[in-house]
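Novice: Structure below; questions to follow.
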Amino acid sequence: MAKLYTREEARRRKVKFQIFAGMFDFIAVLAGILVIIGCVILLTALVRWVIADVPVTFRTLWEIFMKAVVVPEA
């Protein structure tokens, strides 16, 4: 048999669930902000790495190109 609730008990239960839902929303927003900050940090690290690596990569490619195309002076 289903339990019967008075209007006051039903209202209290509703308020409890609303409070829980609000707390869960707040925690979810904080977790989302932390994830976004983590992603920004990772993207920043990636961009810095690419910027630092570009001169090395192009220097190596330029050396390979110069050895392959330019005839050495003899």
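Novice: Of the conditions (1) among the hydrophobic types (A, V, I, L, M, F, W, C); (2) open to solvent by 100 Å² or more (accessible area, probe 1.4 Å); (3) not in a helix (DSSP H, G or I), ALA2 fails just one. Which one is it?
Specialist: Of (1) among the hydrophobic types (A, V, I, L, M, F, W, C); (2) open to solvent by 100 Å² or more (accessible area, probe 1.4 Å); (3) not in a helix (DSSP H, G or I), only one is false for ALA2: (2).
Novice: Can you tell me which residue in segment 5-52 is least open to solvent (accessible area, probe 1.4 Å), limited to those that are assigned to a helix (DSSP H, G or I) and of a type in the set (S, T, N, Q)?
Specialist: THR44
The values are calculated or read from the model by the stated rules, or taken from the named source; none is laboratory data. Please read all numbers here as calculations on a predicted model, not as lab measurements. What goes into the accessible areas is simple: the full protein's heavy atoms, side chains included, and nothing from ligands, DNA or RNA. Shrake-Rupley method; radii C 1.70, N 1.55, O 1.52, S 1.80 Å.
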